[in-house]
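Everything on this sheet refers to the single structure shown next.
Each value in this text was obtained by applying a stated rule to the coordinates, not by laboratory testing. Just so you know, these numbers come straight off a predicted model, no measurement behind them. So basically every Cβ, Gly included, is an ideal-geometry build from the backbone, and we count neighbours across all protein chains shown.
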Amino acid sequence: MNRYTARQRERGAVLLEFALILPLLVILLLTIVDLGLVIRDHQVLQNAAREAARFSSLKRNEIGPQNSGASVAVISQQAVAYCQAAGIMLQATDVTIDQGASIAVGGVMLSASRVTITHTRNLLIAGAPFLPVGQLQLRGEAVFRNLY
C-alpha cells in the first residue's frame with residue numbers, strides 16, 4: 001500500500017466525520033441564538049411592564065368611573081408602543097392592569113399598580129434541544145406604588 005492511498009482514506013474519514021457532526025453543530029448554534037432571542041424578548045417585556053406600571057401609578061392615569069376606558073387604553077398603549085419599538089408585536093389584550101394591587105413598603109401596605117404582559121413567541125427551531133416545542137409563553141410583570 002502506498003502513501004497516497006492512505007492519505008486519501010484519511011481525508012475521506014475526516015470528511016465523513018465532518019458531515020456527521022455538522023447538523024448537530026448547526027442545531028446547537030441555532031438553539032443558542034434562539035435562547036438569546038428569548039432572553040432579549042423577556043427583558044423587553046419586563047421593561048414594557050415597568051414603563052406601563054410607572055405610567056399607571058401617576059394621578060392623572062387613575063382608573064375611575066369617569067375615565068376608566070380611556071385610562072386603561074392609554075396605559076396599555078404605553079406597553080404596546082414600547083414592545084413595538086423593540087420589534088415585538090403586542091395587542092392591548094395582552095396587557096393586564098390592576099391598580100388595586102398592594103405593595104409592602106417599610107412594613108406598611110400601600111396601594112400599587114400591577115401591569116402584567118403575556119406574549120407567545122415562536123421558536124426558530126420547533127423542538128430544538130433544551131427548548132420547548134414550537135412556542136414559548138413569556139411574561140413580564142411590574143408593580144409601582146400609586147401616587148394617589
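Here the 3J(HN,Hα) profile of the range 21-29, calculated from phi with Karplus coefficients 6.51, -1.76 and 1.60 at θ = phi - 60°, is 8, 4, x, 5, 5, 5, 5, 4, 4 Hz, Gly and Pro shown as x. Using the Cβ-Cβ distance between Q77 and L124 with R0 = 41 Å, the FRET efficiency computed as 1/(1 + (r/R0)^6) comes to roughly 0.90.
Multiply the residue gap between Q46 and R60 by 0.36 nm, knock off their C-alpha separation, and tell me the result in nm, one decimal place. Don't skip to the answer; put the middle values down first.
Working: separation 14, 0.36 × 14 = 5.04 nm, distance 2.31 nm.
Contour length minus Cα-Cα distance gives 2.7 nm.
Label positions at L28 and V105, each projected 7 Å from the Cα along the C-beta direction, are separated by 5.0 nm.
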